[in-house]
Amino acid sequence: MVNETEAHVGDNESHHLVTIVVDGIDRQVRPGKWVVRDLKLHLGIDQAKVLAEITPQGLKDLDDNAEIEVHEKEQFMTHARSGGSS
């Protein structure tokens, strides 16, 4: 008898990882949809920091509650949250 966990062991998609670059360091994660805060947790990124995607147009800060699609060789960086009152 095979339980559900064992049935998924052979599933190629569950074992496929892609390389993303975070703060200049290659990291391995599963491709696909991630909630930003979960991705930060998985990568060991301080939840107080902002994860930003590096795009040809510049940095794009990602909201912790946003859902993003992670692909091979995407580049990200972290930075302190800007804030304070004006």
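Read-outs throughout are calculated quantities, based only on the coordinates presented, and are distinct from any laboratory measurement. All of these numbers come straight from a predicted model, not from anything done at the bench. Quick reminder, even Gly has a Cβ in these numbers, built from the backbone with ideal geometry, and neighbours come from all protein chains shown.
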> Considering region 30-69 alone, what residues qualify as being part of a helix (DSSP H, G or I) and of a type in the set (Lys, Arg)?
Replying inline: ARG37, LYS40
> Taking region 56-70, which residues are more than 15 Å from VAL36 (Cβ to Cβ) and either touching a residue at least 60 places away in the same chain (Cβ under 8 Å) or not small (Gly, Ala, Ser) (or both)?
Replying inline: PRO56, GLN57
